[in-house]
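Down below is the structure, laid out as structure tokens.
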Amino acid sequence: MNINLIMLLLVFAAFGLVIWAQFRVKGSFKRWSKVQASSGMTGKDVARRILDDNGLTDVPVEPVQGKLTDHYDPVSRTVRLSEPVYYSDSIAAVSVAAHECGHAVQHKEAYGALVLRHRMFPVANFASGIAPFLLIGGLLLQARGLFGLGILLYAAAVAFQVVTLPVEFNASSRAKTIMVQTGFIRNVEERGVSKVLNAAALTYVASTLYALLELLRFVLLFLSSEE
């Protein structure tokens, strides 16, 4: 079988994994949103407590519209929680809130992977915006140099995704540890927390795998054009 065809099939398979991972994270969040945490604390309460306990009293916790729009903004140093997380006392809500606070703690401690990710962001942001145009233009115009430049920029965007993985896994690990040690959840609730956070982590893994396979496919196309 042609190597390019094999790569194309692998890319489609990875894309399917991305779609499945997105459905899984939504399903896990929906399921555990119906289970109340024994502490009775909302996502906002948990976030505020974690931040305060780690000396981050100056980091605000704000609600944002949408679902699964939760994030930590390193520029304004703000934890933003989607409304279903901010106001809810479910297992899903407190898990997500703790995870985002994990990023705030990483920022305070200058966690290596997070520092590297922040430094890479401007380049990755630029690269991800222009790379598709260079790749398409290089293929249509049969301009090998243009296509090669597109590959280099796309590789920078992929590298950013790879660095994101340890950042996300570490934030989840911190979240689980903090939640158990502080009593936000009981041991019997750890299963739900793991389900929610692992499903979220899977979306990052699937997206990165898809991007890596796409990059390899582009490299093979570039090398075959030399023949």
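The values are calculated or read from the model by the stated rules, or taken from the named source; none is laboratory data. Keep in mind that this is a model prediction, so the values were computed, not measured. Neighbour counts run over all protein chains shown; Cβ positions are idealised from the backbone, glycine included. The area values use the complete protein model at the heavy-atom level, side chains included, leaving out ligands, DNA and RNA. Shrake-Rupley method; radii C 1.70, N 1.55, O 1.52, S 1.80 Å.
By how many nm would the segment from LYS34 to THR78 grow when fully extended, if each residue of separation counts as 0.36 nm and the alpha-carbon distance is taken off?
Once the chain is fully extended between LYS34 and THR78, it gains 13.1 nm.
For helix 43-53, what angle does its Cα long axis make with the longest principal axis of the chain, in degrees from 0 to 90 and rounded to 10?
On a 0 to 90 degree scale, this one is about 80.
Short version: ³J(HN,Hα) in whole Hz for each residue of the stretch 183-199, in order, from phi by Karplus 6.51 cos²θ - 1.76 cosθ + 1.60 (θ = phi - 60°), x for Gly and Pro, what are they?
x, 5, 9, 8, 4, 5, 8, 4, 4, x, 4, 5, 4, 5, 6, 5, 5
Taking square-rooted eigenvalues a ≥ b ≥ c of the alpha carbon gyration tensor, is the stretch 113-203 rounded, prolate or oblate, where a/c under 1.5 means rounded and, failing that, a/b exceeding b/c means prolate?
prolate
Out of all DSSP beta bridges with both ends in the chain, state the antiparallel percent to the nearest 5.
Working: 4 of 8 bridges.
Antiparallel bridges make up about 50 percent of those DSSP assigns within the chain.
Angle, helix 144-181 long axis vs. longest principal axis of the chain, Cα atoms, 0 to 90°, nearest 10?
That works out to roughly 20 degrees.
Once each part is reduced to its C-alpha centroid, what is the distance from the stretch 1-46 to the stretch 47-62 in angstrom?
28
Taking a probe of 1.4 Å, how large is the accessible area per residue of the chain, in Å²?
The answer is 52 Å² per residue.
Check ALA37: other-chain or 5+ apart residues with amide H under 5 Å from its amide H, H built from backbone geometry?
SER90, ILE91
Around PHE160, with a cut-off of 12 angstrom between Cβ atoms, what is the net charge of the other residues, counting Lys and Arg +1 and Asp and Glu -1?
Its environment carries a net charge of +2.
Reported to two decimal places, what Rg/Rh ratio describes the stretch 78-152 when computed on Cα atoms with Rh from the Kirkwood expression?
1.26
Starting from the Cα of PHE23, step 7 Å along the direction of its Cβ; do the same at THR57; then give the gap between the two resulting points in nm.
4.9
Efficiency by 1/(1 + (r/R0)^6): what FRET value for LEU140 and LEU212, r their Cβ-Cβ distance, R0 = 41 Å, to the nearest 0.05?
My answer for the efficiency is 0.95.
Can you pull the semi-axes for the chain, root of five times each eigenvalue of the Cα gyration tensor, sorted largest first, whole Å?
39, 20, 13
Of the heavy-atom accessible surface of the stretch 1-77 (probe 1.4 angstrom), what whole percent is carbon and sulfur?
Working: 2880 of 4790 Å².
Here it works out to 60 percent.
Among all the lysines, which ones have a C-alpha under 23 Å from LYS108's C-alpha, if same-chain residues fewer than 8 places away are not counted?
Straight-distance partners of LYS108: LYS44, LYS176.
Between PRO74, PRO122, PRO132, find the one with the highest GNM mean-square fluctuation for the chain; connect C-alpha pairs within less than 10 Å.
Highest fluctuation of the listed residues: PRO122.
Given labels modelled 7 Å from the Cα in the Cβ direction, how far is it in nm from ILE3 to GLU109?
4.3
HN-Hα J couplings of the stretch 54-66 from phi, Karplus 6.51/-1.76/1.60, θ = phi - 60°, integer Hz, Gly and Pro as x?
9, x, 10, 5, 8, 8, x, 10, 10, x, 10, 6, x
Just to confirm the filter: which trypsin sites (Lys or Arg not before Pro) across the stretch 169-200 are DSSP coil and have at most 16 other Cβ within 10 angstrom of their Cβ?
Hits after loop and neighbour filter: ARG186.
Using protein chains only and a probe of 1.4 angstrom, how many square angstrom of VAL35 are accessible, to the nearest 10?
Result for VAL35: roughly 60 Å² accessible.
How large is the Rg to Rh ratio of the stretch 7-57 when both quantities use alpha carbon positions and Rh follows Kirkwood?
1.29
Quick one: pull the percentage of alpha-carbon pairs in the stretch 176-227 with a separation above 18 Å.
Cα-Cα pairs in the stretch 176-227 separated by more than 18 Å: 57 percent.
To the nearest 10 degrees, how steeply does helix 3-32 sit against the main Cα axis of the chain, on a 0 to 90 scale?
10
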